[in-house]
Amino acid sequence: MNIFNCKGPLLEREPMWNHTSFSIGGNSDFFAVPADLEDLRNLIVDARHANLETFILGGGSNLLVADSGIRGLVVDMRSFDSFEAQGRALVLGSGSSISDAAWRAGSAGMAGLDFLFGMPGTVGGALWMNARCYGAQISDFVAWVEVMDWEGRVERMIVPEDEWGYKKSLFQRGELIIIRAGFDVARGDSEALRHAMLSKRENRLSKGHYRFPCAGSAFKNNREFGTPSGILIDRCGMKGYRIGGAAVSTWHGNIVINDRGAAATDIETILLAVARRVEAEVGIRLEREILLVGDWRNG
Ligand SMILES: Cc1cc2nc3c(=O)[nH]c(=O)nc-3n(C[C@H](O)[C@H](O)[C@H](O)COP(=O)(O)OP(=O)(O)OC[C@H]3O[C@@H](n4cnc5c(N)ncnc54)[C@H](O)[C@@H]3O)c2cc1C
């Protein structure tokens, strides 16, 4: 425990099922919640000196953590949850809930990020994945991103347009930790924005997004296929397909759920089985969207 210099909470053997939307995952060796930039810098430098890998955790809503957990240090960004509105500019801390931030901005008459209301996860995770829904993606609104590199240096960067793609960002190279970001927003009518946001949540409710622990879309919807992954999976008769406590949901082919006490390996086995069946029957190779994290070599 003494390896780390951190004012925020620092835990050992922290169960990761407590920090993922799947409610799945074994223990992380170390789990820290940095209180500020100084803490974050100390943690990553201390981990490197101790030869430990570091994983940056947002809301845990796109992750499948191994049953044997995560070796090394998990850094939970939840304390970086600032919200600053300056005219047409919105500055959000990376640990802020993207849905709460969208609601707060929309309620203050700032239009732009409202399409993300109802989506789980943080601003940092949404930027990492270039989160998208309802025909928009977060990169459409990003003005700049403040990042820390693994030496602890902080800089503000403008991400070149060609670094963003479908569920793709330069942050996926793993070289930078997102601290906060500036967004360009437009003036909008707060009542209309609230109404639009609530109807998006209704739409998610009707699609069964929150019914069981899950991590959203299991596979990417690569537009080259012309058909959503969920429909391909459905056509292959995989809705309701079950292994252990995990299942392809009966209401949406692209949502895999933790139905009753699923192990990470149950989910992974389902993902493999679905991808194999779709490739065999339709000739399309699905690309997994859910990220596998942690110590998969040991189960
Ligand atoms: C019910 C449900 C519905 C969903 N709907 C959608 C949807 O409509 N559209 C969509 O795109 N996704 C959707 N998702 C998936 C998920 O919510 C998004 O991918 C979300 O952006 C992940 O954010 P997170 O904070 O939970 O990231 P996490 O799952 O914690 O992490 C994801 C990745 O981001 C990295 N990361 C997180 N924060 C930082 C940071 N500060 N700096 C550097 N790296 C960081 C992590 O290291 C990891 O590699 C849904 C998920 C669920 C459970």
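The values are calculated or read from the model by the stated rules, or taken from the named source; none is laboratory data. Predicted model only: the values in this text are computed from it and were never measured. In this analysis, Cβ positions are derived from the backbone assuming ideal geometry, glycine residues included, and neighbour counts consider all displayed protein chains. Ligands, DNA and RNA are excluded from the accessible area calculation, which covers all protein heavy atoms including side chains. Shrake-Rupley method; radii C 1.70, N 1.55, O 1.52, S 1.80 Å.
By how many nm would the segment from T269 to V282 grow when fully extended, if each residue of separation counts as 0.36 nm and the alpha-carbon distance is taken off?
Values: separation 13, 0.36 × 13 = 4.68 nm, distance 1.97 nm.
Result for the pair: 2.7 nm of gain on full extension.
May I ask for the net charge around C133, where only other residues with Cβ less than 9 Å from the Cβ of C133 are counted and Lys, Arg are +1 while Asp, Glu are -1? After counting each charged neighbour, the total is +3.
In the chain, carbon and sulfur make up what percent of the accessible area (probe 1.4 Å)? Each step should come with its number before you reach the end.
Details: 6510 of 13720 Å².
Its accessible area is 47 percent carbon and sulfur atoms.
Between the amide H of M110 and those of G188, distances stay under 5 Å, these residues lying 5 or more places away or on another chain, with hydrogens modeled in the peptide plane. Partner lysines whose Cα lies under 23 Å from the Cα of K167, excluding those fewer than 8 positions away in the same chain, are identified as K200, K207, K220.
Think of the range 168-299 as having a plus end and a minus end, set by charges on the Cβ of Lys, Arg, Asp and Glu; of L292, P228, H209, H209 sits farthest toward the positive end of this dipole. Put simply, the amide H of R180, placed in the peptide plane, has neighbours under 5 Å in S94, E146, leaving out anything fewer than 5 places away on its chain.
Anything in the chain that counts as a DSSP H helix reaching 20 Å or more along its axis (C-alpha) with Kyte-Doolittle mean of at least 0.5? List them, would you?
Details: long enough: 190-206 (24 Å, -0.98); 264-282 (27 Å, 0.63).
Helix filter hits for the chain: 264-282.
Under the combined filter of DSSP loop state and at most 15 neighbouring Cβ atoms within 10 Å, the range 251-299 retains these trypsin sites (Lys or Arg not before Pro): R260, R285. Evaluated with a Cβ-only charge set (Lys, Arg +1; Asp, Glu -1), the chain carries a dipole of roughly 940 debye about its Cα centre, given to the nearest 20. How would the range 1-120 be classified by its alpha-carbon gyration tensor: rounded, prolate or oblate, with rounded meaning a/c under 1.5 and the a/b versus b/c comparison settling the rest? Note, shape of the range 1-120 comes out oblate. Summing Lys and Arg as +1 and Asp and Glu as -1 over all other residues whose Cβ lies under 10 Å from the Cβ of Y210 gives a net charge of +4.
Send over a whole-number figure in Å² for the accessible area per residue of the chain, probe 1.4 Å.
Details: 13720 Å² over 299 residues.
It amounts to 46 Å² per residue over the chain.
Say we join alpha carbon atoms closer than 10 Å with springs in a Gaussian network model of the chain; which of G165, G230, G58 then has the biggest fluctuation? Its mean-square fluctuation being the largest, the pick is G165. In the elastic network of the chain, a GNM with C-alpha springs shorter than 10 Å, the most mobile of G106, G118, G237 is G237.
Under 1.5 on a/c is rounded, so check that first for the chain, then, if it is not, pick prolate when a/b is larger than b/c and oblate when it is not; a ≥ b ≥ c are the square roots of the alpha carbon gyration tensor eigenvalues. Present the calculation step by step, with values, prior to reporting the outcome.
Working: a/c = 1.78, a/b = 1.11, b/c = 1.61.
Oblate, since a/c reaches 1.5 and b/c is not below a/b.
In what sequence, largest accessible area first, do Y134, Y166 appear using a 1.4 Å probe? Provide the component values of the computation, followed by the final result.
Numbers: Y134 90, Y166 65 Å².
The ranking, largest first, comes out as Y134, Y166.
Among L271, L37, S61, flag the residue with its Cα farthest along the positive direction of the charge dipole of the chain, charges on Cβ as +1 for Lys/Arg and -1 for Asp/Glu. So the residue furthest toward the plus end is L271.
Separation of the range 107-176 from the range 248-270 is 28 Å, based on Cα centroids.
How large is the dipole of the range 183-281 about the Cα centre if only Lys and Arg carry +1 and Asp and Glu carry -1, each at its Cβ, rounded to the nearest 20 debye?
Working: 15 positive and 11 negative charges, 38 e Å.
Roughly 180 debye, rounded to the nearest 20.
Around the Cα centre of the range 1-147, unit charges on the Cβ atoms of Lys, Arg, Asp and Glu (plus for the first two, minus for the last two) sum to a dipole of about 200 debye.
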